[in-house]
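Supplied in structure tokens, the structure appears directly below.
The values are calculated or read from the model by the stated rules, or taken from the named source; none is laboratory data. In this text, all values refer to a predicted model and were calculated from it rather than measured experimentally. Cβ: placed from backbone, ideal geometry, glycine included. Neighbour counts: every protein chain shown.
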């Protein structure tokens, strides 16, 4: 096939452009997935840190009573940007569960949940 300017058009012209566009699309999908997984892992680490600190704070104030221990844990979890979901006292141990909201793109919002236990022994 001849074009108006005398250039010959081969059957494979433009194939590299299509292949490059598909490769870029796949790369973008992989990068977005890595970002979302990284976000979820970061939220999980933050939730675990908040749970550890909230349990330690609760155990430190357990001598003032169970209600005060859980309230101290709730306050610290809130300052860490997490939500205290559960606080229980077993003997002299404080067991807390916290949740950290995380955005997962098309999958919506979810919570990274972590638990910790602290006490004298």
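Could you check the stretch 62-71 and list, in sequence order, the residues that are touching a strand residue (DSSP E or B) at 6+ places or on another chain (Cβ under 9 Å) and either free of Cβ contacts under 8 Å to residues at least 24 places away in the same chain or not in a helix (DSSP H, G or I) (or both)? Give the steps one after another, and end with the answer.
Of the stretch 62-71, the ones touching a strand residue (DSSP E or B) at 6+ places or on another chain (Cβ under 9 Å) are 62, 66, 69-71.
Hits for the stretch 62-71 are 66, 71.
Just the residues that are surrounded by fewer than 21 Cβ atoms within 10 Å (Cβ to Cβ) and touching a strand residue (DSSP E or B) at 6+ places or on another chain (Cβ under 7 Å), please, taken from the stretch 52-61.
Within the stretch 52-61, 52, 56 meet the criteria.
Where residues in the stretch 1-20 are in a helix (DSSP H, G or I) and loosely packed, with under 10 Cβ neighbours inside 10 Å, which of them is modelled with the lowest pLDDT?
First, the residues of the stretch 1-20 that are in a helix (DSSP H, G or I): 15-20.
After this cut, where a residue has to be loosely packed, with under 10 Cβ neighbours inside 10 Å as well, the list is 16-18.
Values: 16: 84, 17: 87, 18: 88.
Of everything passing the filter in the stretch 1-20, 16 is modelled with the lowest pLDDT.
Filter the stretch 86-98 down to the residues that are touching a helix residue (DSSP H, G or I) at 6+ places or on another chain (Cβ under 9 Å), in a strand (DSSP E or B) and surrounded by fewer than 17 Cβ atoms within 10 Å (Cβ to Cβ) and list them by number.
Within the stretch 86-98, the subset touching a helix residue (DSSP H, G or I) at 6+ places or on another chain (Cβ under 9 Å) is 87-89, 92-98.
From what's left, in a strand (DSSP E or B): 87-89, 93-98.
Hits for the stretch 86-98 are 88, 93.
Working only within the stretch 87-109, note down all residues that are free of Cβ contacts under 8 Å to residues at least 12 places away in the same chain and in contact with a strand residue (DSSP E or B) (Cβ under 7 Å, 6 or more places away or on another chain).
Those that are free of Cβ contacts under 8 Å to residues at least 12 places away in the same chain and in contact with a strand residue (DSSP E or B) (Cβ under 7 Å, 6 or more places away or on another chain): 88, 109.
Sticking with this one: Answer yes or no: is there a residue in the stretch 21-44 that is over 20 Å from residue 107 (Cα atoms), in contact with a strand residue (DSSP E or B) (Cβ under 6 Å, 6 or more places away or on another chain) and in a helix (DSSP H, G or I).
Restricting attention to the stretch 21-44, the residues satisfying the condition of being over 20 Å from residue 107 (Cα atoms) are 21-24.
With in contact with a strand residue (DSSP E or B) (Cβ under 6 Å, 6 or more places away or on another chain) added as a condition, the list becomes none.
Looking for residues that are over 20 Å from residue 107 (Cα atoms), in contact with a strand residue (DSSP E or B) (Cβ under 6 Å, 6 or more places away or on another chain) and in a helix (DSSP H, G or I), one finds none in the stretch 21-44, hence no.
Given (1) touching a helix residue (DSSP H, G or I) at 6+ places or on another chain (Cβ under 8 Å); (2) assigned to a helix (DSSP H, G or I); (3) free of Cβ contacts under 8 Å to residues at least 40 places away in the same chain, identify the lone condition not met by residue 81.
(2)
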